[in-house]
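Report on one structure; see the data block that follows.
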Amino acid sequence: TVLDLVDFCQVLVEELQLSAGDSYNLNFVCRGCYEAYLDENLLQHILTNLLSNAIKYSPQGGNIQFDLFCNGETATFRIQDCGIGIPEADKAKLFTSFYRCSNTGKLPGTGLGLVIVKDAVELHGGTITVDSTVGVGTTFTVKLPINLINKSDRPAR
Ligand code: ATP
Ligand code: MG
């Protein structure tokens, strides 16, 4: 499907902000963004899982920063939180089924979200990386190859 990446991300952020309520602040910024051919359902899965994790694993009042950068070939989505972080020893198993980190405590979950995210990213021919420090926060970065739409081919809106 042809997606307007900015519109798509903005709508998603508004929906998640509504369900998260006033105790969280989601901030979305984008740079150099286009319409592109991407699978809407896969992208929805990827971003919803990562953003809802960012909310769930952050204290109330937490800021979540969501950035989208595009160049001609790649869309880079970065989701950054100031939450509990991921312990070094847990990082290797993060993307395996039913795995939950040792500091997850009573926060609910099944440990499947990131497995689905990784599958969806790889189906897109993309990559996912994580950078995290316990007590400081976590950043997930997803890079997806995009096929830009030639401006003259864009449907009128
Ligand atoms: P669900 O299947 O409902 O998403 P889940 O959130 O436990 O359950 P994943 O989304 O796969 O499962 O995440 C796996 C584990 O990774 C989590 O249990 C949590 O310990 C850790 N984790 C994921 N995202 C974050 C984050 N943003 N900050 C800290 N820990 C995280
Ligand atoms: Mg999850």
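The values are calculated or read from the model by the stated rules, or taken from the named source; none is laboratory data. Predicted, not measured: the structure shown is a model, and the values here were computed from it. Cβ coordinates were reconstructed from backbone atoms using ideal geometry, including for glycine residues, and neighbour counts include every protein chain displayed.
Picking from residues in segment 117-127 that are surrounded by 15 or more Cβ atoms within 10 Å (Cβ to Cβ) and touching a residue at least 40 places away in the same chain (Cβ under 8 Å), the one that is farthest from Leu50 (Cα to Cα) is His124. Go through segment 30-48 residue by residue and tally those that are surrounded by fewer than 20 Cβ atoms within 10 Å (Cβ to Cβ) and either within 13 Å of the chain's Cα centre (by Cα) or of a type in the set (S, T, N, Q) (or both). Of the residues in that region, 5 qualify. Is it true that some residue in segment 62-69 is touching a residue at least 60 places away in the same chain (Cβ under 8 Å) and not in a helix (DSSP H, G or I)? Yes; the residues of segment 62-69 include at least one that is touching a residue at least 60 places away in the same chain (Cβ under 8 Å) and not in a helix (DSSP H, G or I).
Applying the selection to segment 29-42, what residues are out of contact with any helix residue (DSSP H, G or I) (no Cβ under 7 Å at 6 or more places or on another chain), of a type outside the set (Asp, Glu) and closer than 14 Å to Leu12 by Cα? Scanning segment 29-42 gives Val29, Asn41.
Across segment 111-138, the qualifying residues are those that are farther than 24 Å from Asp39 by Cβ and part of a strand (DSSP E or B), and the one among them that is nearest to ligand 2 (Cβ to nearest atom) is Thr138. When segment 61-75 is examined, which residues are found to be under 26 Å from Gly125 (Cα atoms) and surrounded by fewer than 17 Cβ atoms within 10 Å (Cβ to Cβ)? Hits for segment 61-75 are Phe69, Asn71, Gly72, Glu73, Thr74. Where residues in segment 135-157 are loosely packed, with under 15 Cβ neighbours inside 10 Å and within 21 Å of Thr104 (Cβ to Cβ), which of them is modelled with the highest pLDDT? Here the answer is Val136.
Among the candidates Pro59, Pro87, the residue that is within 16 Å of ligand 1 (Cβ to nearest atom) and modelled with pLDDT under 95 is uniquely Pro59.
Of the numbered criteria (1) under 25 Å from Gln17 (Cβ atoms); (2) at pLDDT 95 or above, the one Asn103 fails is (1).
Against the conditions (1) polar (S, T, N, Q); (2) away from ligand 2 (no atom under 12 Å from the Cβ); (3) free of Cβ contacts under 8 Å to residues at least 60 places away in the same chain, Thr76 satisfies every one except (3).
Summed over segment 95-115, residues that are surrounded by 14 or more Cβ atoms within 10 Å (Cβ to Cβ) and touching a helix residue (DSSP H, G or I) at 6+ places or on another chain (Cβ under 6 Å) total 4. The single condition among (1) at positive phi; (2) surrounded by fewer than 16 Cβ atoms within 10 Å (Cβ to Cβ); (3) under 18 Å from the mean Cα position of the chain (by Cα) that Val130 does not meet is (1). The combined condition, being surrounded by fewer than 16 Cβ atoms within 10 Å (Cβ to Cβ) and free of Cβ contacts under 8 Å to residues at least 40 places away in the same chain, is not fulfilled by Val2.
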